[in-house]
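We did not get these values from a lab; they are worked out from the coordinates using the rules stated. Small disclaimer: the values here were computed from a predicted structure and weren't measured. Here the Cβ positions follow ideal geometry from the backbone for every residue, glycine too, while neighbour counts run over all protein chains shown.
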Amino acid sequence: MQVSIESTGALERRMEVQVPAARVEKAVDERLQQLSRTVRLKGFRPGKVPVKVVRQQFGQQVRQEVLGDVVQSTFNEALVQEKLAPAGGPRIEPLNAEQGGDLKYRAVFEVLPQIELKGTEGMELTRPAAEVQPADIDAMIDNLREQRATYAAVDRPAQAKDRVTVDFEGSVDGEPFEGGKGESVPVILGAGRMLADFEAGIYGMTNGERKNIEVTFPANYNAQHLANKKAVFDLTVKSIEGQQLPELNDEFCKSYGVEEGGIERLREEVTENMRRELGDAVRARMKRQIMDALLASNPLELPKTLVDSQVRELQMDAGRRMGAQDVSQLPPVESFVEAARRRVALSLLVNEVIRTAQIQLDQSKVRERFEELAAQFPDSAQAMQTYRSNPQIQRQMEAGVLEDQVVDWLIERAKVIDNPSSFKELMNFGA
């Protein structure tokens, strides 16, 4: 087998392969021999069809199948021979496939970039140092109470935490727009579920009052045709209800799954969850710093094949979340390019850390992750079995654990400076 390589770009390679005709014909003969033992033809006993007859009936079909197999196998052999790591599948261009002649083809593909890792020793990281304080726990308990709040009619202007029911109709440049009209829509003031300008306009209004509110849609608004546009809403208040918080008693605790121990047990569980969330938030900030540092220290030429694939994946995922019905409703490709490039670059760098540091997957941590996931379900044993038997979930979990092991490995070699912070700041709690 003869192989020649030409670089046609930073990462693109054009490889021409010539396979001796004898190898192809031998593979065709072997395939026909196998077929003669299994094929059923009228007038012949099973397994007794002469190869000559099989060749006459199926020769061309078998040859095409064999050519495809030979191209695949010789392409892989050529990669090993030339020590190339492709970034994706090749584009095959046949050059000669005539019977009796050598098989010749051209394969065009991208290779993975060569990486010489830098910056893995002595990274300068800032670690937020915070603890869950009693005041944080009190605020979280109040937040839980607000989630179980009831509302009663009040005779006063609307204020924070009120539930105000409104009718509205919006217009841009004097024209109504889709989604701009609502009837009997409840708005919790301060919850941030409506646009800030819209909520702000309701404060101080009284029951039955009607007025116009000016609202500017943000630049990143989901409906792109409204982004940065100014709208006027004709709004009428239909009712104002004040918030009433439930008592801190056993009934309240049971509503959050605490059957025994009352408020003290609830505080313990809340504290435990807050500390876990705080730890996750600190780690997430550390991880972000590490990944940013890796990218800054190791600029890479990225295979277009991988970037394009990641863009499509992000685009389709966004489309599913938006409920897109067809391709025409997907967000534009351009909005995902930078995120895709970051993902591809980090994937390559993380894999290189794994290779050079010889990091082995810790199966005990994978098992712990599955146990944490399954514990959220009533029948955790059944959930565990379901998750563990799903190859895709298994791969995702293993990839996540390996990435965390890389983060741990880099933190061990970093210069970490603790920066005083608070639960409220780190968790954006109460914003």
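Tabulated values for the structure
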read-out: Chain lengthening between Ile359 and His225 when straightened (0.36 nm per residue, less Cα-Cα); value: 43.4 nm
read-out: Calculated FRET efficiency for the pair Phe44/Arg288, C-beta based, R₀ 56 Å, to 0.05; value: 0.20
read-out: Cβ-derived FRET efficiency at R0 41 Å, Leu295 paired with Ala129, nearest 0.05; value: 0.95
read-out: Top positive-direction residue, dipole computed over the stretch 2-110 with Cβ charges, set Val49, Val3, Gln60; value: Val49
read-out: Taking Val237, Val80, Val166, Val39 and counting other C-beta atoms within 10 Å, the order from fewest to most; value: Val80, Val39, Val237, Val166
read-out: Glu272 paired with Glu98, simple spin-label distance in nm, labels 7 Å along Cα-to-beta-carbon; value: 7.8 nm
read-out: Neighbour-count ranking [beta-carbon atoms within 10 angstrom, fewest first] of Glu241, Glu268, Glu259; value: Glu259, Glu268, Glu241
read-out: Compactness relative to 2.2 N^0.38 Å, alpha carbon Rg of the stretch 262-427; value: 1.26
read-out: Sites Glu175 and Asn143, calculated FRET efficiency, Cβ-Cβ separation with R0 41 Å, nearest 0.05; value: 0.50
read-out: Largest-first principal axis extents of the Cα set of the chain (Å); value: 98, 57, 51
read-out: For the stretch 1-71 versus the stretch 178-222, the gap between their alpha-carbon centres in whole angstrom; value: 69 Å
read-out: Relative frequency of Cα-Cα separations exceeding 12 Å in the stretch 270-313, percent; value: 73 percent
read-out: Distance (nanometres) between label positions extended 7 Å along Cα→Cβ at Arg388 and Asp280; value: 2.3 nm
read-out: Length released on extending from Ala399 to Glu65, taking residue separation times 0.36 nm less the Cα-Cα span; value: 116.7 nm
read-out: Relative contact order [Cα under 8 Å, 6+ residues apart], the chain, whole percent; value: 18 percent
read-out: Distance histogram for the stretch 149-244 (every C-alpha pair counted, 5 angstrom bins, percent rounded to whole numbers); value: 3, 14, 24, 25, 16, 10, 6, 2, 0
read-out: Dipole of the chain, positive end: most advanced residue of Pro90, Leu302, Leu346 [Cβ charges, Cα centre]; value: Pro90
read-out: Bins of 10 Å, starting at 0 and running to the largest distance - Cα pair percent for the stretch 2-110; value: 14, 38, 24, 16, 7, 1, 0
read-out: Charge dipole magnitude, Cβ of K and R +1, D and E -1 - the chain, Cα centre, debye nearest 20; value: 2500 debye
read-out: Relative exposure of Glu98, Glu371, Glu12, judged by other C-beta atoms within 10 Å (fewest first); value: Glu98, Glu371, Glu12
